[in-house]
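Comments concern the structure below.
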Amino acid sequence: MNQTIKRVLYTILSCVLITAAVKLFGVSWSIACGIGLIGFILFAYIINILRDIILNRVVMQTYYDEMEYLRRQMVATVSCSYCGKLNGVGFRMDQRNEFECEHCHKNNLLSITASTAQITTPLTEVAELVNKKI
């Protein structure tokens, strides 16, 4: 069943129960139905607000999980600019990347440079081609 239909049915059922409960206190039907209608409007509004809050939290958590996954994927092994020892450093392309050396504990800046290269045939494929020709 569609979630929207479930929410509407839940809201209507809640309001009918509120109307019946109010009527049990000896209030006239018009007042009980008015209170039930107000309850319907409030329940619908509150349920939509809660749904939006929960959905927003789920979406944001998913976003943070994806960002954390990507952050863990982008790791470089670089040498410290002070002591020269190697460090495994996570980096992001959208921010300044600083790290503290694990060995000398001095701060370093990770500079990321893009370069191009020619596409070549791997040596394993060249060896296979040579073996086939022989």
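Placing unit charges on each Cβ (+1 for Lys and Arg, -1 for Asp and Glu) gives segment 3-72 a dipole about its Cα centre, and among LEU50, ILE12, TRP29 the Cα reaching farthest toward its positive end belongs to TRP29. A crude spin-label estimate for the pair LYS23 and ILE41, with each label 7 Å from Cα along the Cβ direction, gives 2.1 nm.
Once the chain from MET74 to ASP52 is taken as fully extended at 0.36 nm per residue, the excess over their C-alpha distance is 4.6 nm. Measuring r between the beta carbons of TYR82 and LYS132 and using R0 = 41 Å, the FRET efficiency lands at 0.20. Report, to the nearest 10°, how far helix 123-133 tilts away from the longest principal axis of the Cα atoms in the chain, using its own Cα long axis and a range of 0 to 90°. Between helix and principal axis, roughly 70 degrees.
Can you give the angle from 0 to 90° between the axis of helix 3-24 and the longest principal axis of the chain, with both taken from C-alpha atoms, to the nearest 10? So the inclination is approximately 30 degrees. Rounded to the nearest 0.05, the FRET efficiency derived from the C-beta distance between ASP65 and LEU109 at R0 = 22 Å is 0.20. Which aspartates and glutamates have a Cα lying under 17 Å from the Cα of LYS106, excluding residues fewer than 8 positions away in the same chain? In chain and number order, the partners are GLU98. How about LYS6: which aspartates and glutamates have a C-alpha closer than 19 Å to its C-alpha, ignoring those fewer than 8 places off in the same chain? Straight-line reach from LYS6, under 19 Å: ASP52. Once the Cα atoms are used to define both axes, helix 29-73 deviates from the longest principal axis of the chain by about 10 degrees. Here is the list for segment 68-133: GluC sites (Glu not before Pro) lying in DSSP coil, each with at most 15 other C-beta atoms within 10 angstrom of its C-beta, are GLU102. Only Lys, Arg, Asp and Glu carry charge here, each on its Cβ (+1 for the first two, -1 for the last two); on that basis the chain has a dipole of about 360 debye about its Cα centre. By the rule of a second cysteine Cβ within less than 4.7 angstrom, the chain holds isolated cysteines at CYS15, CYS33.
Between the labelled values [x] 2, 10, 17, 20, 18, 14, 10, 5, 3, 1, 0; [y] 2, 8, 9, 8, 7, 7, 6, 6, 6, 6, 6, 6, 6, 5, 4, 3, 2, 1, 1, 0, 0; [z] 2, 9, 15, 16, 16, 14, 11, 8, 5, 3, 1, 0, the entry that holds P(r) over Cα pairs in 5 Å bins from 0, in percent as derived from this structure is [y].
Every number here is computed from the coordinates shown, using simple stated rules; none is lab data. Since this is a predicted model, take the numbers as computed values, not measurements. Cβ sites come from the backbone with ideal geometry, for glycine too, and all protein chains shown count toward neighbours.
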